[in-house]
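J.: Handing you this structure, nothing more for now.
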Amino acid sequence: MAEGRLTAGAIARLVGGDLVGDPNIPIAGAASLDEAGPGDITFATGPSHRAALARTHAAAVFLPPRLRDASEGPQTRILVQDPRAAMLTVLAGLESPAPPPWGVHPTARLGQRTRWEGRIAVGPGAVVGTDVRFGRDCRVGPGAVIGDGAALGDACIVEAHALLASATTLGSRTRVKTGARVGMDGFAWVPEAHGHRRVPHRGPCRVGSDVEIGANATVDRGSLGATEIGDGTKIDNLVHIAHNVRIGERCVIMAQVGVAGTTTIGDDVQIGGQAGLAGQLRVGARARLAAQSGVIGDVPSAATVSGYPARDHRTVLRQTAALARLTPLLPTLERMTRDHADRD
Amino acid sequence: MAEGRLTAGAIARLVGGDLVGDPNIPIAGAASLDEAGPGDITFATGPSHRAALARTHAAAVFLPPRLRDASEGPQTRILVQDPRAAMLTVLAGLESPAPPPWGVHPTARLGQRTRWEGRIAVGPGAVVGTDVRFGRDCRVGPGAVIGDGAALGDACIVEAHALLASATTLGSRTRVKTGARVGMDGFAWVPEAHGHRRVPHRGPCRVGSDVEIGANATVDRGSLGATEIGDGTKIDNLVHIAHNVRIGERCVIMAQVGVAGTTTIGDDVQIGGQAGLAGQLRVGARARLAAQSGVIGDVPSAATVSGYPARDHRTVLRQTAALARLTPLLPTLERMTRDHADRD
Amino acid sequence: MAEGRLTAGAIARLVGGDLVGDPNIPIAGAASLDEAGPGDITFATGPSHRAALARTHAAAVFLPPRLRDASEGPQTRILVQDPRAAMLTVLAGLESPAPPPWGVHPTARLGQRTRWEGRIAVGPGAVVGTDVRFGRDCRVGPGAVIGDGAALGDACIVEAHALLASATTLGSRTRVKTGARVGMDGFAWVPEAHGHRRVPHRGPCRVGSDVEIGANATVDRGSLGATEIGDGTKIDNLVHIAHNVRIGERCVIMAQVGVAGTTTIGDDVQIGGQAGLAGQLRVGARARLAAQSGVIGDVPSAATVSGYPARDHRTVLRQTAALARLTPLLPTLERMTRDHADRD
């Protein structure tokens, strides 16, 4: 599947594993047990994989030491404590389709006083404003737009068609995926006699280091004060983060989540897909919000909530189960309450 | 509304219907009963449309044979078994604003060894990588980006600003609408001591023939193994399909649906808007998932589910109705259980 | 935070307030009490802000007259009836990073017979079709695409990468934010023996004046008849509006809402984030749909609904509370119904 020029022996050295079999077998790619072809390496973690091992076409396999002598599977084996981690390491090594060359494409446009350190890659048709600062080794994809005064650290990636609005800042090694929009005016209106008046947005959007913002996601800038996304936080596709939201470090926010204005989220919070958070809330560190939960009140640290309105997850399960059991009792309960009323 | 150069007689021949009235009446467009103007053709399917027939301004109308002599409506009539289908045929005929001309716009950029059969149209500012293969009669819109090694069949359309990442494949007659992103790295992370490590994505994204992917939708590539979308499946705007999802043939997936990683969906499944599917699930063929349903377990073939957690739709309706009836009984039930406890 | 060249005296005149203190103090920006720096103006509305007033670093503050002599806070004070409104006025004054210059960028492409009144700004790489009409002072961002025959009023803004499909119309002062897609074919299919046949979309998409369409939002054109968005309606990021939807005036539609085909929404309706509306519905004027509500039936004027299926909000609250109280009673209720059955 993936391509490269590796041998089983080189891979064993790369991951620090023990090789059983021929070190010179060439490995062209890496794939799951069922999808691996005759040039691939694959992995298995336990006895439950024995049937799949028996039918795999892979040339070599990562195994835990206790499966060293399994009768099924490729005879070229690399024994490691964590076959899955070894597989990720190999995949990361293979995962290097040549990136686009360094340099500014002749059709890209850079504004005045924009500068960078070391190398930069700016793709065809990208538009970078004035006074933009890049660290080292940043990459800007085709057609991406970066507004005046934005500042990026080292090794940031702004993919095709992504947009960083004026005065947005990124730390280092942060990746803004294709079509994501970061730092635009937020959605805040003051009702007036005939319609609505826009609340001006002057606050910045500050994105930390090692952050990922997913494809077609949107992150608004602050109105008064900043929108902030902490170091190491990962945001999936089509997520919406409103103005003045503050997200801590190392959070994981799944696809299509929405966070309304001025909500604050602590460190290490996990939010399942399509969950929604109302505005002005506080979510404590290490909280877990289930997929599709509708959060309309504060969430304590380390709590697990689900449902709408979101509440303690075990409570939700208990109430859902109770309703299922109450439903068939309804006719009897109605009769009993009538009898009871008659008696009074 | 729509423009063209047709007569009532030509339209009758086109749809194989019987004309009543003047074959030379010019038809300039097609519209619903209430919106049709004096140059348009419209349609009605039954007696319930009589009031609207009486007030329409249309010049001609498709009618089922039994309404041939209805007193209301335009006197130029085309009698057909299925007036709605006839209308679609006419609309499809009218629906031909001249497409952009064939050829590669001088501002588009094509990589080395990219090739196509017959004709191709590549719009201004589009960026096509190296080793991309197109079949016949493909169209690439303004600013679209197609990564290295992508392969497209015949008559595919990649609209403005859409992106096909490296190694994505499309069958024939597949349309990727404006702003859709197909084949990017997925969202999968392994927790580490200080943050998260990306799971590499080396698997392809394989999209079948006659597929539609909606505006601003996102479809991630596989990690190990492929993401696959079967022939004839239609995906609406702002849908998210995660890594390693496999979707069967002829599914219809409404706007803003989200499908998490490695879930498998059978053929002919229908998914209502904003429904969410957790990862690692199996949804059987012909299942129907209601709008906004939150699917966290497998769904059998041909089942209809709704709610969160999604379960049999009739059960949901029954439980919702039971809760509505239990709520006013609550005070009495509380009193009764107290009495009951006292008695024990 | 924000920059400008203002003095406290000039600001007092601008907002019609009474100045207490030095009129010559320079004001460089505006920020909330807690974020203001020593060159900023801030605001407080009542006694509850006293603690924050005591610690703010701001140089000046808008206060209501009754706080004129508060001991806390900056001594340079501007007394106004509505400090929040005064703050918005100042922010709007400060909010003027120089817009891009008027004129058509040499890399933009304009089709034949496209014309405008007075001034226009068309950014790099934008693609404007044939027969497009602009009013005065319109702005088209980098890479934006406007289809043949579109018509825009005065002072419209089509931001970077936004797309107006063919025959879309905008009123005046309407803003289509970055990545939004307006006027594409909708998602409507007729089942056939082997798959689905597209319902042609010939209807226009008509967007009124003073409308905002959020980043990466999608609005489909009509099939038969139009999709319409009324004057003054504001639509947030990642919203989906399907074909033939009609939305009234001055509505506020929060992020990630989805509205299915042919639904009609009255004036002054407010829709919370992630709410979903099924097709073919009617929502009366001034209705309020809570965040995440799932609307599958008509909503009367001025009603407030929530939940799935969406119903009167107080009913939802009552039923949710009832279920919470019924759940611990379940064992007793089950025992009682058994006893009751035994007795019968």
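J.: List, please: which pairs have Cβ atoms under 7 Å, are six or more places apart or on different chains, and start with a residue in the stretch C:134-156 that is modelled with pLDDT under 95 and end with one that is not in a loop (DSSP other than H, G, I, E, B)?
T.: none
J.: If you don't mind, another one. Determine whether B:Gly171 is at pLDDT below 90, over 19 Å from B:Thr263 (Cβ atoms) and in contact with a Gly (Cβ under 6 Å, 6 or more places away or on another chain).
T.: no
This table checks each residue for (1) part of a helix (DSSP H, G or I); (2) over 23 Å from B:Gln292 (Cα atoms).
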{"position": "A:Asp268", "(1), (2)": "no, yes"}
{"position": "A:Arg286", "(1), (2)": "no, yes"}
{"position": "A:Arg318", "(1), (2)": "yes, no"}
{"position": "A:Pro331", "(1), (2)": "yes, yes"}
{"position": "A:Ala341", "(1), (2)": "yes, yes"}
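J.: Another question, if that's okay. Looking only at residues in the stretch C:183-219 that are over 30 Å from C:Ala155 (Cα atoms) and in a strand (DSSP E or B), which one is nearest to the other protein chains (Cβ to nearest Cβ)?
T.: Filtering first and then ranking leaves C:Gly195.
J.: Scan the stretch A:39-52 for residues that are crowded, with 21+ Cβ neighbours inside 10 Å and of a type outside the set (Phe, Trp, Tyr) and jot them down.
T.: Within the stretch A:39-52, A:Asp40, A:Ile41, A:Thr42, A:Ala44, A:His49 qualify.
J.: Right, here's the next one. Of the residues that make up the stretch C:61-69, is at least one closer than 18 Å to C:Ala28 by Cα and either of a type outside the set (Gly, Ala, Ser) or modelled with pLDDT of 90 or more (or both)?
T.: Yes, the stretch C:61-69 contains at least one residue that is closer than 18 Å to C:Ala28 by Cα and either of a type outside the set (Gly, Ala, Ser) or modelled with pLDDT of 90 or more (or both).
J.: So, one more: Would you confirm, using the coordinates I've provided, whether A:His161 is over 17 Å from the mean Cα position of the chain (by Cα), at the interface with another protein chain (Cβ under 8 Å from one of its Cβ atoms) and on the phi > 0 side of the Ramachandran plot?
T.: Judged against the criteria, A:His161 is a match.
J.: Please enumerate the residues belonging to the stretch A:220-234 that are more than 9 Å from every other protein chain (Cβ to nearest Cβ) and not in a loop (DSSP other than H, G, I, E, B).
T.: A:Thr227, A:Glu228, A:Ile229
J.: Right, next: Under the condition of being out of contact with any His (no Cβ under 8 Å at 6 or more places or on another chain) and buried (at least 23 other Cβ atoms within 10 Å of the Cβ), which residue from the stretch B:133-151 is nearest to the other protein chains (Cβ to nearest Cβ)?
T.: Filtering first and then ranking leaves B:Gly147.
Residue-wise test of (1) within 23 Å of A:Asp268 (Cα to Cα); (2) in contact with a helix residue (DSSP H, G or I) (Cβ under 8 Å, 6 or more places away or on another chain).
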{"site": "A:Val190", "(1), (2)": "no, yes"}
{"site": "A:Gly203", "(1), (2)": "no, no"}
{"site": "A:Asn216", "(1), (2)": "no, no"}
{"site": "A:Ile241", "(1), (2)": "yes, no"}
{"site": "A:Arg246", "(1), (2)": "yes, no"}
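J.: Which is polar (S, T, N, Q) and facing another protein chain (nearest Cβ under 8 Å), of C:Thr168, C:Thr178?
T.: Sole residue among the options that is polar (S, T, N, Q) and facing another protein chain (nearest Cβ under 8 Å): C:Thr178.
Every residue, every condition in (1) in the same structural domain as B:Arg288 (by TED's automatic domain parsing); (2) at pLDDT 95 or above; (3) within 13 Å of the chain's Cα centre (by Cα), yes or no:
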position	(1), (2), (3)
B:Ala215	yes, yes, yes
B:Asp220	yes, yes, no
B:Gly225	yes, no, no
B:Lys234	yes, yes, yes
B:Asn237	yes, yes, yes
B:Asn244	yes, no, no
B:Ala255	yes, yes, yes
B:Thr264	yes, yes, no
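J.: Within the stretch A:269-295, count every residue that is touching a Gly at 6+ places or on another chain (Cβ under 9 Å) and either among the β-branched types (Val, Ile, Thr) or crowded, with 21+ Cβ neighbours inside 10 Å (or both).
T.: The qualifying residues number 17.
J.: Sticking with this structure for a sec: Residues that are at negative phi, touching a residue at least 40 places away in the same chain (Cβ under 8 Å), surrounded by 20 or more Cβ atoms within 10 Å (Cβ to Cβ) and of a type in the set (Gly, Ala, Ser): does the stretch A:55-71 have at least one?
T.: Checked against the condition, which is being at negative phi, touching a residue at least 40 places away in the same chain (Cβ under 8 Å), surrounded by 20 or more Cβ atoms within 10 Å (Cβ to Cβ) and of a type in the set (Gly, Ala, Ser), the stretch A:55-71 yields at least one hit.
J.: Check off (1) within 20 Å of B:Val239 (Cα to Cα); (2) crowded, with 24+ Cβ neighbours inside 10 Å for B:Thr169 and give me the number that stays unchecked.
T.: Unmet for B:Thr169, out of (1) within 20 Å of B:Val239 (Cα to Cα); (2) crowded, with 24+ Cβ neighbours inside 10 Å: (2).
J.: When the residues of the stretch C:310-344 are narrowed to those that are under 26 Å from the mean Cα position of the chain (by Cα) and buried (at least 19 other Cβ atoms within 10 Å of the Cβ), which ends up farthest from A:Val257 (Cα to Cα)?
T.: C:Arg311
J.: Return the total of residues in the stretch B:39-64 being assigned to a strand (DSSP E or B) and in contact with a helix residue (DSSP H, G or I) (Cβ under 9 Å, 6 or more places away or on another chain).
T.: Final tally of qualifying residues: 7.
J.: Within the stretch C:108-121, identify whether any single residue is out of contact with any Gly (no Cβ under 7 Å at 6 or more places or on another chain), more than 14 Å from chain A (Cβ to nearest Cβ), assigned to a loop (DSSP other than H, G, I, E, B) and under 28 Å from A:Gly149 (Cβ atoms), and answer yes or no.
T.: So far as the stretch C:108-121 goes, no, none of its residues is out of contact with any Gly (no Cβ under 7 Å at 6 or more places or on another chain), more than 14 Å from chain A (Cβ to nearest Cβ), assigned to a loop (DSSP other than H, G, I, E, B) and under 28 Å from A:Gly149 (Cβ atoms).
J.: Quick one: C:Ala12 ticks every box in (1) in a loop (DSSP other than H, G, I, E, B); (2) under 31 Å from the mean Cα position of the chain (by Cα) bar one, so which box is it?
T.: Status for C:Ala12: all satisfied but (1).
J.: While we're on this one: Got a sec? Which of C:Thr332, C:Thr264 is more than 7 Å from every other protein chain (Cβ to nearest Cβ) and among the polar types (S, T, N, Q)?
T.: The conditions single out C:Thr264.
J.: In this structure, is B:Gly294 closer than 15 Å to B:Gly272 by Cβ, in contact with a helix residue (DSSP H, G or I) (Cβ under 6 Å, 6 or more places away or on another chain) and facing another protein chain (nearest Cβ under 9 Å)?
T.: No: the conditions fail for B:Gly294.
J.: Out of the stretch C:124-153, which residues are of a type outside the set (Ser, Thr, Tyr), part of a loop (DSSP other than H, G, I, E, B) and at negative phi?
T.: C:Pro124, C:Ala126, C:Gly129, C:Val132, C:Gly141, C:Pro142, C:Ala144, C:Gly147, C:Asp148, C:Ala150, C:Gly153
J.: Step by step: first the residues of the stretch C:240-250, then only those that are within 14 Å of chain A (Cβ to nearest Cβ) and more than 19 Å from C:Cys156 (Cβ to Cβ), then the one that is surrounded by the fewest Cβ atoms within 10 Å (Cβ to Cβ). Which residue is that?
T.: C:Gly248
J.: If you don't mind, there's one more thing I want to ask. Going through the stretch B:328-344 one residue at a time, which ones are within 16 Å of C:Asp339 (Cβ to Cβ) and among the acidic types (Asp, Glu)?
T.: B:Asp339, B:Asp342, B:Asp344 - these are the residues of the stretch B:328-344 that are within 16 Å of C:Asp339 (Cβ to Cβ) and among the acidic types (Asp, Glu).
J.: Check C:Arg55, C:Arg77 and return the single one that is of a type in the set (Lys, Arg) and touching a strand residue (DSSP E or B) at 6+ places or on another chain (Cβ under 8 Å).
T.: Being of a type in the set (Lys, Arg) and touching a strand residue (DSSP E or B) at 6+ places or on another chain (Cβ under 8 Å) holds for just one of C:Arg55, C:Arg77, which is C:Arg77.
J.: Also, quick follow-up: Tell me which of these B:Asp154 doesn't satisfy, since it passes every other one: (1) surrounded by fewer than 21 Cβ atoms within 10 Å (Cβ to Cβ); (2) within 11 Å of chain A (Cβ to nearest Cβ).
T.: (2)
J.: Could I ask something else about it? Report, by residue number, each residue of the stretch A:15-38 that is assigned to a strand (DSSP E or B) and either within 12 Å of another protein chain (Cβ to nearest Cβ) or loosely packed, with under 15 Cβ neighbours inside 10 Å (or both).
T.: Of everything in the stretch A:15-38, those that are assigned to a strand (DSSP E or B) and either within 12 Å of another protein chain (Cβ to nearest Cβ) or loosely packed, with under 15 Cβ neighbours inside 10 Å (or both) turn out to be A:Asp18, A:Pro26, A:Gly29, A:Ala30.
The values are calculated or read from the model by the stated rules, or taken from the named source; none is laboratory data. For clarity, every value in this text was computed on a predicted model and none was experimentally measured. A quick note on method: Cβ atoms are made from the backbone with ideal geometry, for glycine too, and the neighbour counts reach across all protein chains shown.
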